[in-house]
Amino acid sequence: MSQSERTVRVRLVDVASAAGVSKTTVSDALNGTGRLPAATREHVQRVARALGYRPNATARLLRKGHTRLLGLAAREYVETPWVYTDLAYFSQLVIATTRVALSHGYGVVLLPTSGPGDCWLDMPLDGVFVVDPVAGDPMVGDFLAAGVPVVSDRRALAEVTSGVQEIGRWVDFDNDGAVRQVLDHLEDAGAERIAVVAAAATACFHQQSVGAYQDWCAERDREPWIVYLPGPGVQHTLDAVRELLAAPVPPDALFTLVEVSSPLLLDTIRRLGRSVPDDLLLVCTTEDPAAAYTDPPISTLSFLPGETAQAAVELLVDRIEGREGDHGRLFSADFQIRASSVFPSRRPVVSPLTPG
């Protein structure tokens, strides 16, 4: 047999012809359905194995009403196609979502951040996890209207009609509380001019976080100091930091609400003649594992991609497979305070032990 003959896919009709039976009989024999004599069923199965027949798993699952595929979409910068897995948070979220989905027997399809109209509805998905939805997110609404279960945050689900909310589940964070925790820490550390780097995006996380910062400033009669990024990517963040530190009176504390490379950020600050934490306190919203090992170690605010992914997949699978389960999970961000956000003069002094 030639290479071309070996690679030709054996079809159901080929098995039927070789076995001398109908396509329906072949289908029943291979799927364990119908009322066939045991001898007929075994004969068809032998012929199928001899021909090298392999059933089309996708078609079979579609006939049963399931594809065992979950969609995952990040909805930041929806007007700008970009590869969101370039950033540590989304990379870890994708890995964790895929790992948990596989443990439940599902695969994961990465959906584009943007596309023409409702193009995503052409994908045969059992459920979808929509991360960082935008205000009035059409992706959330379109999937729910099509009867596809969705996990997203509470605001996104509240903005769709009540008739489809029943197939929606949510994972969410107390974004206001997380931002205030960082700002209170920086204030207690002695910072007077706290600047923020934020994304110019309508994702719920960014709107809520910036709103919390503005409210915190208003309550203390402070002027908000925000630099918005024009698009995704680490370089935009580094450019924003350069802009802030070039001010006539630069900030004495910096809080980034966007992913950034910790070593690159510290290098940028040092090249501008500033020292962390001696004259600039620093807290980063990042999942970059290097943050704990830089000099100095950087204080971080983590939004728990691993835990979030596990909760989202479990909520989706419960809904898809008809289990009641929880309707949502609320998380608190993990704030790790390290040397970068404490002025050296404010650190407790540890006296050497006096020999006894």
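The values are calculated or read from the model by the stated rules, or taken from the named source; none is laboratory data. Since the structure is predicted, the reported quantities are computational estimates derived from the model, not experimental observations. Here the Cβ positions follow ideal geometry from the backbone for every residue, glycine too, while neighbour counts run over all protein chains shown. When the accessible area is computed, the model is the full protein with side chains, heavy atoms only, and any ligands, DNA or RNA have been set aside. Shrake-Rupley method; radii C 1.70, N 1.55, O 1.52, S 1.80 Å.
Please find, within region 199-232, the residue that is surrounded by the fewest Cβ atoms within 10 Å (Cβ to Cβ) out of those that are within 15 Å of residue 134 (Cα to Cα) and of a type in the set (A, V, I, L, M, F, W, C).
Ranking the candidates gives 200 first.
Where residues in region 286-296 are within 28 Å of the chain's Cα centre (by Cα) and not hydroxyl-bearing (Ser, Thr, Tyr), which of them is most open to solvent (accessible area, probe 1.4 Å)?
Initial filter on region 286-296 (within 28 Å of the chain's Cα centre (by Cα)): 286-294.
Next, from what is left, pick out any that are not hydroxyl-bearing (Ser, Thr, Tyr): 287-292.
Working: 287: 26, 288: 32, 289: 93, 290: 32, 291: 1, 292: 39 Å².
My answer is 289.
Exactly one of these conditions fails for residue 176: (1) touching a helix residue (DSSP H, G or I) at 6+ places or on another chain (Cβ under 6 Å); (2) under 27 Å from residue 315 (Cα atoms); (3) crowded, with 16+ Cβ neighbours inside 10 Å. Give me its number.
(3)
Identify, please: which residue in region 6-26 is among the basic types (Lys, Arg) and in a helix (DSSP H, G or I) and is, among those, modelled with the lowest pLDDT? Before you say what the answer is, go through the steps one by one.
Our first condition is that a residue be among the basic types (Lys, Arg); within region 6-26, this holds for 6, 9, 11, 23.
Subset that is in a helix (DSSP H, G or I): 6, 23.
Details: 6: 41, 23: 75.
The residue in question is 6.
Show me the helices (runs of 4 or more DSSP H) entirely contained within region 231-340 in which 3 or more residues are touching a helix residue (DSSP H, G or I) at 6+ places or on another chain (Cβ under 9 Å) and farther than 30 Å from residue 125 by Cα.
Values: elements: 234-245, 262-271, 305-320.
So the answer is 234-245, 262-271.
If I go through region 27-58 residue by residue, how many of them are in a loop (DSSP other than H, G, I, E, B), under 30 Å from residue 124 (Cα atoms) and modelled with pLDDT of 80 or more?
Filtering region 27-58 for residues in a loop (DSSP other than H, G, I, E, B) gives 32-37, 52-56.
Going one step further and asking which of them are under 30 Å from residue 124 (Cα atoms), we end up with 32-34, 52-56.
From what's left, modelled with pLDDT of 80 or more: none.
Total meeting the criteria: 0.
Would you check if residue 191 is under 22 Å from residue 113 (Cα atoms) and open to solvent by less than 20 Å² (accessible area, probe 1.4 Å)? Write out each step before concluding.
On the way: under 22 Å from residue 113 (Cα atoms): no; open to solvent by less than 20 Å² (accessible area, probe 1.4 Å): yes.
Judged against the criteria, residue 191 is not a match.
Suppose we filter 307, 314, 324 for residues that are of a type in the set (Asp, Glu), out of contact with any Cys (no Cβ under 6 Å at 6 or more places or on another chain) and surrounded by 16 or more Cβ atoms within 10 Å (Cβ to Cβ); which single one remains? First the steps, then the outcome.
Working: 307 fails: surrounded by 16 or more Cβ atoms within 10 Å (Cβ to Cβ); 324 fails: surrounded by 16 or more Cβ atoms within 10 Å (Cβ to Cβ).
Just one listed residue meets the conditions, 314.
Return only the number of the condition from (1) surrounded by 21 or more Cβ atoms within 10 Å (Cβ to Cβ); (2) at pLDDT below 90; (3) touching a Lys or Arg at 6+ places or on another chain (Cβ under 7 Å); (4) not acidic (Asp, Glu) that residue 170 does not satisfy.
For residue 170, the failing item is (2).
Could you tell me whether residue 299 is under 26 Å from the mean Cα position of the chain (by Cα) and free of Cβ contacts under 8 Å to residues at least 40 places away in the same chain? Walk me through how you get there before you give the answer.
Working: under 26 Å from the mean Cα position of the chain (by Cα): yes; free of Cβ contacts under 8 Å to residues at least 40 places away in the same chain: no.
Criteria not met by residue 299.
Given the criteria among the polar types (S, T, N, Q) and either modelled with pLDDT under 90 or open to solvent by 40 Å² or more (accessible area, probe 1.4 Å) (or both), does residue 152 qualify?
Working: among the polar types (S, T, N, Q): yes; either modelled with pLDDT under 90 or open to solvent by 40 Å² or more (accessible area, probe 1.4 Å) (or both): no.
Criteria not met by residue 152.
Of all residues in region 62-117, count the ones that are modelled with pLDDT under 95, over 18 Å from residue 303 (Cα atoms) and assigned to a helix (DSSP H, G or I).
Within region 62-117, residues that are modelled with pLDDT under 95, over 18 Å from residue 303 (Cα atoms) and assigned to a helix (DSSP H, G or I) number 3.
Quick one: which of 276, 258, 283, 227 is within 23 Å of the chain's Cα centre (by Cα) and under 21 Å from residue 192 (Cβ atoms)? Full working, then the answer.
Numbers: 276 fails: within 23 Å of the chain's Cα centre (by Cα); 258 fails: under 21 Å from residue 192 (Cβ atoms); 227 fails: within 23 Å of the chain's Cα centre (by Cα).
Result of the check over 276, 258, 283, 227: 283.
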